[in-house]
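Notes for the one structure printed next.
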Amino acid sequence: MTKYVVQRLLQAIPLLTIVTIVVFSLSFAGGNPFAYLAQDPRARPEDKFLLQEKYGLNDSIPVQFVTWLIGDDWRLRDLNMDGVGETPGERQGILRGDFGESVSAFRGKEVSRIFAERMPNTLILMVTQYVVTIVFALGIGILAAIRQYSWFDNMVTSISFVLYAMPVFLVALLLVQVFAVQCREVLRAVGGDPSICLPVQGMYDVRGDRSFDELLRHLILPVVSLAAINIAGYSRYIRSTMLEVINSDYIRTARSKGLTERRITFLHALKNASLPLVTIIALDIPFLLGGAVITETIFSWPGMGLAFINAVQPADPPLLMAFTVMTAVAVVFFQLVADVLYSWLDPRIRYN
Amino acid sequence: MKRTARFILVALVMVLSLSVGISATAQDGNVLVIGWEQEPPLLTPRSDLAFASLLTNFYARDVWNWDVNRQIYPVMVEEIPSPENGMVETLENGATKVTYKLREGLLWSDGEAITSADCAFWHEVTMDPTKGTFQRGSYPEVVASFDVIDDLTFSMTYTTPFPDYTSQSTATCGYPEHILRPILEAEGTIDNAAMFTPDGVNAGATVGYGPYIATEWIVGESIRFEANPNWDGAAPGFSTVIARFILDSAQMQNALAAGEIDVAFNFSDDLVEGYQAVEGAEVFGTPGVFGDAIWLNYGNNRGPIASALADVNVRTALIAAIDRATLAEQLIGPGTGVPKAWHPEAFWPEDLETIGYDVDLANSLLDAAGWVDSDGDGLRDKDGVALIIRFFTTDRQIRKDYQIAIAEYWSAVGIGSQLLPVPAGILFADYLERGILDTGDFDAAIFALSASALSPYADAPDWFGCDGIPSAEDPNGNNGWGSCSPEFDALDLQVGSTVDPAERLAIAQEAIREFVGEQFWHGLYLRQTWYAINTNVIDPATAKDVGTLSANYFNKIELWQPAS
């Protein structure tokens, strides 16, 4: 097993190298982050030059890539515009743990700091929605399997297909309309208290006290938007794996031994049906870190997804690169974790 | 069946308990929340980051400002300098000298006195690009000297006659030397000054002269401004103003409807109706300065139809084929006008003629120029070259909509087009980065280039002058469309240096005629700046005198009063 893990880690090096080179090249597809200055007659060429020099954008793309890797503290930058470098660079490069500084979206801010500020918000949203997804998907999937072709199974199947086909922005905006906007209008019309309606956006009410209650209220709509679609997909998956297991010989044997249905379902069937779920969950975890781009944007949730959107236009190469590297490393790592867990959970699997 | 029902019941109870059981927070009526569509990374002064410069109106006012009717009014100075009050002089060499007199008793928000030294400090920073990277326009060229006369008086002398001293290259006094000087001395630049950062705001380090002080910046969420006790202007009607960042335009409207924000602004024309439908909302617009135009590359074109675009009749035909008035009505909104010239309307000659929608004229001009459909494929051609326009714009939706509509109009008169929407970073990249515009690698493009709303002086030789065409030898120009009219260049220079208002207007009108006659710039629309306010929170009668310039929205925010 140790040999297998080491092999996988070594294989990850060329993979990550290729990913970084490709993404670095693509991050310039949006053009120069300071190109918009060309539209402003107040901007002078020297201002643009200095901004670009400060962030290393006057260098060729290969040099910028090397700088991103190993930093620029080994060279001098020309910040007094005399044609000769005189100011030592300050970046250390990603190989020394320096993700760089945001160029446009959060100008001048360390990327690692942006991540540190945003990651907790994203985890609050994504972990909550994931827990809700797993709990509801398991419940619905198991019930649908053990009551195959019942009214419940048919209803869940229909709803799942509808939800699975809906884009998250549509689900989110529909929920906002019903539970935040229309809810208030209806309650006002009937003389009710509109404050019980859900908030439209944000993590907290900016007029409020930033309490845990407030956070919970603000979590409901984004969590439901994300979870509704995920539950639809996951519950179908759990239903099918459960059906496969509960129709197998050893379940029939368990029944013939006189075990209760509850014991058969939750102890024998669910345990084995959950095995493939491990892979899916492990593969999903890296994307939890990256946040939900659309949902965070719609709900102004100050997480990683919203930061990513801000980094795309105008292009913010250091931020985009950091996102990509973080996601790529997480994917590689958690895939490895999934493989290891799989062999641990299922003795039939051995990596040689 | 029973168990299934129990399961559904438990799930419903869980969801309902979350949504209903948690009490909502009470709202403070004296807090104004403004929806802000983009969070700036810094509060840098005179920033290239437009949404940062808008926020400065809350905490950093300057020597004077302009109201919604474009009338100037004093803020930090006792009076607006003018020849009549003797504060504007013409020196023997013809240069203009302007004297500023600050009002007595002005204080920074930290209680320090504001003096001429603060204004001199900003002059020092503006003259040297290495001390701060922000837009300085032509200030370093046109300002010859800055002299402090006493604590409250200073003068600026320009290199030439300078009639635009109130609107361009003016003195700036809105930033405190006692905070920024130590940073400049330590770091050589004020770019990294803490007072402009979220950390600085949260540490109480942001100091300015305005009705509010920035007190809290929650990154990704909001910036909070509290009333400034050292502000000597009108006491703000709202003790707290919060700029709440909401990126999604649909959610901005929902947030107003739900009462989470009290003001939304700068939304597009197609959303006006939706905002009007919000209960309690009042929507109003102010004439804007932003508008897109179609630019034809006639002097820097090395493409296959360069010769066609070099012919003013073909350029005229291209525009005559488009019903710009109808497009503005349909794509932007009812009542939207089509600007006749790049310059502000106040300076247009009354008899300024521009090209209207005239398909017959377009066809006859193209026929006369020899561009005819010789092979019956529906496209005009000449000497074996088909008349196909390489038509660029950015990825903004309204521009892409215009692009498609214009292509249809052109198609109707036998002109083909390749529609090429590209990221702004590609279109506007400079010559050395092979930017589309700068290299002249286009035939037509839709984009906006803002003119000063206050002056007829284009002051943009890099954009319109013969010397501004970018090349390997001189890559800094921005005149990628190759406009070159020595007559316009000469007239514009005269506009920039003619002091007598009547004489200046006459020259400006001549310059505008010359500009329009080149037929390379054709306005598509001039959009209004829209505001929607919650009248349950704000007294609308107090809120409408907003600015009309690019950076002075909310320049009288302190006068906004809560609804009674």
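The values are calculated or read from the model by the stated rules, or taken from the named source; none is laboratory data. Since the model is a prediction, treat every value here as computed from it, not as a measurement. Every residue, glycine among them, receives a Cβ derived from its backbone with ideal geometry; neighbour counts consider all protein chains shown. The area values use the complete protein model at the heavy-atom level, side chains included, leaving out ligands, DNA and RNA. Shrake-Rupley method; radii C 1.70, N 1.55, O 1.52, S 1.80 Å.
List the residues of the range B:238-257 whose accessible area drops by at least 40 Å² when all protein chains are present, compared with their chain alone, using a 1.4 Å probe and counting only protein heavy atoms.
B:Arg244, B:Leu247, B:Asp248, B:Gln251, B:Asn254, B:Ala257
At q = 0.06, 0.08, 0.11 Å⁻¹, what base-10 log of I(q)/I(0) does the Debye formula yield for the protein assembly as shown when every alpha carbon is treated as an equal point scatterer in vacuo?
Log10 I(q)/I(0), no solvent term: -0.51, -0.88, -1.46.
Could you report the buried accessible area between A and B, both sides summed, computed with a 1.4 Å probe and given in Å² to the nearest 100?
In total, chains A and B hide about 6300 Å² from solvent.
Please state the shape class of the range A:30-177: rounded when a/c is under 1.5, otherwise prolate if a/b exceeds b/c and oblate if not, all from the C-alpha gyration tensor.
Prolate shape, in that a/c is at least 1.5 and a/b is the bigger ratio.
Could you tell me which of rounded, prolate or oblate describes the range B:64-178, using a ≥ b ≥ c as the square roots of the eigenvalues of the alpha-carbon gyration tensor, with rounded for a/c under 1.5 and, failing that, prolate when a/b is larger than b/c and oblate otherwise?
Rounded.
Heads up, I need the accessible area for A:Ser158: 1.4 angstrom probe, whole protein in place, Å², nearest 10.
70 Å²
Let me know the mean shielding of A:48-54 by other chains, meaning the per-residue number of their Cβ atoms within 10 Å of its Cβ.
Taking all residues of A:48-54 together, the mean is 4.
Could you give the accessible area per residue of the range B:485-564, probe 1.4 Å, as a whole number in Å²?
For the range B:485-564, the solvent-accessible area averages 38 Å² per residue.
Rounded to the nearest 500, what is chain B's calculated 222 nm mean residue ellipticity when only DSSP H runs of at least 4 contribute -39500 (n - 2.57) each, over all residues?
-8000 deg cm²/dmol
Show the residues, 5+ positions off or on another chain, whose built amide H is closer than 5 Å to the amide H of A:Glu101.
A:Val111
Quick one: dipole size for the range A:269-352, taken about the Cα centre, charges +1 on Lys/Arg Cβ and -1 on Asp/Glu Cβ, in debye to the nearest 20.
Magnitude of the dipole: close to 320 debye.
In what sequence, largest accessible area first, do B:Tyr275, A:Tyr130, B:Tyr357 appear using a 1.4 Å probe?
Largest accessible area first, the list is B:Tyr357, A:Tyr130, B:Tyr275.
Using only the Cα atoms, what convex hull volume per residue in Å³ does chain B have?
209 Å³
Each label point is 7 Å from the Cα along the Cα-to-Cβ direction; what then is the distance between the points at B:Asp383 and A:Ile21, in nm?
4.6 nm
Keeping all protein chains in the complex and leaving out DNA, RNA and ligands, what accessible area do you get for B:Glu78 with a 1.4 Å probe, in Å² to the nearest 10?
90 Å²
For chain A, what does the helix formula give at 222 nm: sum of -39500 (n - 2.57) over DSSP H segments with n ≥ 4, over the residue count, nearest 500 deg cm²/dmol?
-20500 deg cm²/dmol
Rank A:Gln64, A:Gln182, A:Gln335 by mean-square fluctuation in a GNM of chain A with C-alpha springs under 10 angstrom and give only the top-ranked residue.
Residue with maximal mean-square fluctuation among A:Gln64, A:Gln182, A:Gln335: A:Gln182.
Want the number for B:Ser564 to B:Ala472: 0.36 nm per residue separation, take away the alpha-carbon distance, what's left?
Result: 26.7 nm gained on full extension.
Among B:Glu473, B:Glu112, B:Glu216, what's the order by accessible area (1.4 angstrom probe), most exposed first?
Result of the area sort, largest leading: B:Glu473, B:Glu112, B:Glu216.
Using label points projected 7 Å from each Cα along Cα→Cβ, tell me how many nm separate A:Glu110 and B:Leu432, to one decimal.
3.1 nm
In Å², and per residue, what accessible area does chain A have when probed at 1.4 Å with the other protein chains present?
That works out to 46 Å² per residue.
So which residues in the range B:188-221 end up with at least 50 square angstrom less accessible surface once the other protein chains are there, compared with the chain by itself, probe 1.4 angstrom?
Buried by the other chains: B:Val219, B:Glu221.
Gaussian network model of chain A, Cα springs within a sub-10 Å range: biggest mean-square fluctuation belongs to which of A:Pro194, A:Pro33, A:Pro222?
Of A:Pro194, A:Pro33, A:Pro222, the most mobile in the Gaussian network model is A:Pro194.
Within the set of other residues whose C-beta is less than 15 Å from the C-beta of A:Gln335, count the net charge using Lys and Arg as +1 and Asp and Glu as -1.
-1
Please identify the DSSP H helices in chain A that span no less than 15 Å along the helix axis (Cα) and have a mean Kyte-Doolittle hydropathy of 0.0 or more.
Span-like helices, by this rule, are A:2-26, A:111-146, A:151-165, A:212-246, A:275-290, A:317-345.
Within the set B:Lys340/B:Lys544; A:Lys109/B:Lys556; B:Lys340/B:Lys400, which residue pairs have Cα atoms separated by over 30 Å?
Those over the limit are A:Lys109/B:Lys556.
Rounded to the nearest 5, what % of DSSP beta bridges with both residues in the range B:291-526 are antiparallel?
Expressed as a percentage, antiparallel bridges in the range B:291-526 total about 55.
How much of the accessible area of chain B, in percent, comes from carbon and sulfur atoms when a 1.4 Å probe is used?
After summing per-atom areas, the C and S share lands at 52 percent.
Which percent of the accessible area of the range A:1-155 is formed by carbon and sulfur heavy atoms (probe 1.4 angstrom)?
C and S atoms contribute 69 percent here.
First select every other residue whose beta carbon is under 10 angstrom from the beta carbon of B:Ser307; then total the charges, Lys and Arg +1, Asp and Glu -1.
Counting the neighbours of B:Ser307, the net charge comes to -1.
So, for the range B:64-178, what is the accessible surface per residue at a probe of 1.4 Å, expressed in square angstrom?
Each residue of the range B:64-178 exposes 38 Å² on average to a 1.4 Å probe.
Counting every Cα pair in the range B:291-526, what percent are over 31 Å apart?
21 percent
Note down the magnitude of the dipole of the range B:291-526 about its Cα centre, charges +1 on Lys and Arg C-beta and -1 on Asp and Glu C-beta and zero elsewhere, to the nearest 20 debye.
Rounded to the nearest 20 debye, it is 580 debye.
List the aspartates and glutamates whose Cα sits under 15 Å from the Cα of A:Lys257, skipping any in the same chain fewer than 8 residues away.
Filter leaves A:Asp249.
What does the charge count near B:Trp66 come to, summing +1 for each Lys or Arg and -1 for each Asp or Glu among other residues with Cβ under 14 Å from its Cβ?
Around B:Trp66, the charge tally is -1.
Taking the full set of protein chains and a 1.4 angstrom probe, give the accessible area of A:Leu216 in square angstrom, rounded to the nearest 10.
Around 50 Å² of this residue is reachable by solvent.
Using a 1.4 angstrom probe on the protein heavy atoms only, line up A:Phe115, B:Phe554 by accessible area, largest first.
The most accessible residue leads, giving A:Phe115, B:Phe554.
What aspartates and glutamates does B:Lys101 reach when the alpha-carbon gap must be under 16 Å and sequence neighbours fewer than 8 apart in one chain are set aside?
Correct list for B:Lys101: B:Asp62, B:Glu78, B:Glu79, B:Glu84, B:Glu89, B:Asp118, B:Asp147, B:Asp150, B:Asp151.
Take the Cα coordinates of chain A, assign each an equal point scatterer, and use the Debye formula without solvent to give log10 I(q)/I(0) at q = 0.06, 0.09, 0.16 Å⁻¹.
-0.33, -0.69, -1.35
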